[in-house]
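Enquirer: Below is the structure I would like to discuss, written out as structure tokens.
Taken together, the values in this text are just the output of simple stated rules run on the coordinates, not laboratory data. This one's a predicted model, so the numbers in the text were calculated from it and none came from an experiment. All Cβ positions, even for glycine, are placed from backbone atoms using ideal geometry, and neighbour counts span all protein chains on display.
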Amino acid sequence: MSEHAEKKKVVVTGGAGFIGSHLTDALVLKGFDVHVVDNLSTGKRENLNPKATFHEVDIREFDKLVPVFKGAMGVFHQAALPRVQPSILDPRTTNDINATGTLNVLVAARDSKVKRVVFAASSSAYGNQDTLPLVETMKANPLSPYGLQKYIGELQCKMFSELYGLETVSLRYFNVYGPRAATDGAYALVIGRFLEQRKKGEPLSVVPDGKQSRDFTHVRDIVRANLLAYESPKVGKGEVINIGGGNNKTVLEIADIIGGPKVFVEPRIEPKHTLANISKAKEFLGWEPKEDFRKGMEELKELYKLA
């Protein structure tokens, strides 16, 4: 890809966040002129790549997006107020960012003549389904405002492809883990939360019985999927594609890998199980996960000095 990337401008919204910062690093390494849009509400300044151009802009501020997007070939839209629980507590704010913010990104991309937008969608759109693995043809059944907002983003992307000719593709991420993931607060996924609890000598808070399972996907695999989605000639018409590890682990399994005592806490609204069918990713992107889950977990334990 690098021979085609020289001086080509791309924008990463949410580029100071967990996934966006890893994606920015990869794009910089490939020679792109990377511009990061982030309001640092959940992203961290220390995640910013010094070789990328940083714009402290909120995606709700449409008029500030357009100048940043001008001259860009592609936009990787990662910015969001993530996770289910914050959306349940504050559906209006999360909707402003996750749904209206995505609309702002698409309009700014259209007006700036961006060629392609790669959208960070979510497996939350599936909710609970009768069968596994989860396939893109299943009817969406979001259980939370967050899942609904991400699903609306997919529909907006497809509409913009059909109405305005803006190339779009939506990648449904499944439970992303890896370095820089949130480890505390409402935005922490189970792996990050357990690692932080173990580091502090606290019991691991298992919700509710730990038997629910998740398809965990390493951030490096997510980054590769984004790069392939940007380049692939087989997508660009609003396709929705699962990006998952292709095998799931229970919360209790994760707790056992990290180690330490456990405490069981009240249940919350979430799907019982997730598992991605990744056939479409293989067909349209030539993508499949390469990262081994156990090795990824050992890497994180070493990072947290728990090994």
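Enquirer: Would you please put 9-20, 56-67 in order of how densely packed they are, using the mean number of other Cβ atoms within 10 angstrom per residue and starting with the highest?
Expert: 9-20, 56-67
Enquirer: Still on this model: Set the Förster radius R0 to 45 Å, insert the Cβ-Cβ distance between residue 159 and residue 303 as r into 1/(1 + (r/R0)^6), and round the FRET efficiency to 0.05.
Expert: Values: r = 41 Å, r/R0 = 0.91.
The formula returns an efficiency of 0.65 here.
Enquirer: In addition: Quick one: if you stick a label point 7 Å off each Cα along the C-beta vector at residue 100 and residue 263, how many nm between them?
Expert: 3.9 nm
Enquirer: Still on this structure: Can you pull the three principal axis extents for the Cα set of the chain, in Å, largest first?
Expert: Over the chain, Cα extents along the principal axes are 54, 41, 37 Å.
Enquirer: While we're here: Using the number of other C-beta atoms within 10 angstrom as an exposure proxy, rank 232, 213 with the fewest first. Please report the intermediate quantities before stating the final value.
Expert: Working: 232 17, 213 21.
Fewest-to-most ranking of 232, 213: 232, 213.
Enquirer: In nm, to one decimal, how far is the residue 130 label point from the residue 292 one, both placed 7 Å along Cα→Cβ?
Expert: 3.9 nm
Enquirer: Can you give me the long-range amide H partners of residue 9? Hydrogens built in the peptide plane at 1.01 Å from N, cutoff under 5 Å, separation of 5 or more residues or another chain.
Expert: 33, 73
Enquirer: Quick one: work out the % antiparallel among DSSP beta bridges in the stretch 130-279, nearest 5.
Expert: Counting only bridges with both partners in the stretch 130-279, antiparallel ones make up about 20 percent.
Enquirer: Here's a follow-up. How far is helix 190-199 tilted, in degrees, relative to the longest principal axis of the Cα atoms in the chain, given as a value from 0 to 90 rounded to the nearest 10?
Expert: The angle comes out at about 60 degrees.
Enquirer: Suppose a student asked you for the relative contact order of the chain, using Cα pairs under 8 Å spaced at least 6 residues apart; what percent would you report? Could the numbers behind the result be given before it?
Expert: Working: 670 pairs, mean separation 50.1, N = 307.
Once divided by the residue count of the chain, the mean separation gives 16 percent.
Enquirer: Using only Cα atoms and rounding to the nearest 10 degrees, what angle (0 to 90) does helix 101-111 make with the longest principal axis of the chain?
Expert: Result, in degrees: 20.
Enquirer: Distance cut-off 30 Å, Cα to Cα: go down the list 51/282; 115/249; 150/200; 150/211 and report the pairs above it.
Expert: On the way: 51/282 32 Å; 115/249 38 Å; 150/200 33 Å; 150/211 26 Å.
Pairs exceeding 30 Å: 51/282; 115/249; 150/200.
Enquirer: Please give the helix 18-29 orientation as an angle from the longest Cα principal axis of the chain, in degrees from 0 to 90, rounded to the nearest 10.
Expert: 50 degrees
Enquirer: At R0 = 41 Å, how high is the FRET efficiency between residue 283 and residue 111 if r is their beta carbon distance? Nearest 0.05 is fine. Let's see the in-between values first.
Expert: Numbers: r = 32 Å, r/R0 = 0.79.
The calculated FRET efficiency here is 0.80.
Enquirer: Something else: Report the Cα centroid-to-centroid distance between the stretch 56-123 and the stretch 212-260 in angstrom, as an integer.
Expert: 21 Å
Enquirer: Taking the Cβ of residue 109 as the center, what net charge do the other residues with Cβ under 13 Å away carry, scoring Lys and Arg +1 and Asp and Glu -1?
Expert: Details: positive: 9, 70, 110, 113, 115, 116; negative: 111, 167.
Computed value for this residue: +4.
Enquirer: Pull up the DSSP beta bridges for the chain and report the antiparallel fraction as a percent, rounded to 5. List each step's numbers first, then the result.
Expert: Values: 3 of 39 bridges.
Roughly 10 percent of the DSSP beta bridges within the chain come out antiparallel.
Enquirer: What does the charge add up to near residue 124, with Lys and Arg as +1, Asp and Glu as -1, over the other residues with Cβ less than 10 Å from its Cβ? Before the final figure, lay out each step's value.
Expert: On the way: positive: 83, 150, 172; negative: 270.
Every neighbour counted, the sum reads +2.
Enquirer: Setting aside same-chain residues fewer than 8 positions from residue 199, which lysines have a Cα under 20 Å from its Cα?
Expert: 262, 295, 301, 305
Enquirer: Assuming a ≥ b ≥ c are the square roots of the Cα gyration tensor eigenvalues, decide whether the stretch 202-299 counts as rounded (a/c under 1.5), prolate (otherwise, with a/b larger than b/c) or oblate. Don't jump to the answer; show the numbers that get you there.
Expert: On the way: a/c = 3.26, a/b = 2.06, b/c = 1.59.
The shape class here is prolate.
Enquirer: Something else: What aspartates and glutamates sit close enough to residue 70 to cross-link, taking a C-alpha to C-alpha distance under 19 Å and skipping anything fewer than 8 places away on the same chain?
Expert: Cross-link targets: 6, 33, 38, 56, 58, 61, 111, 167.
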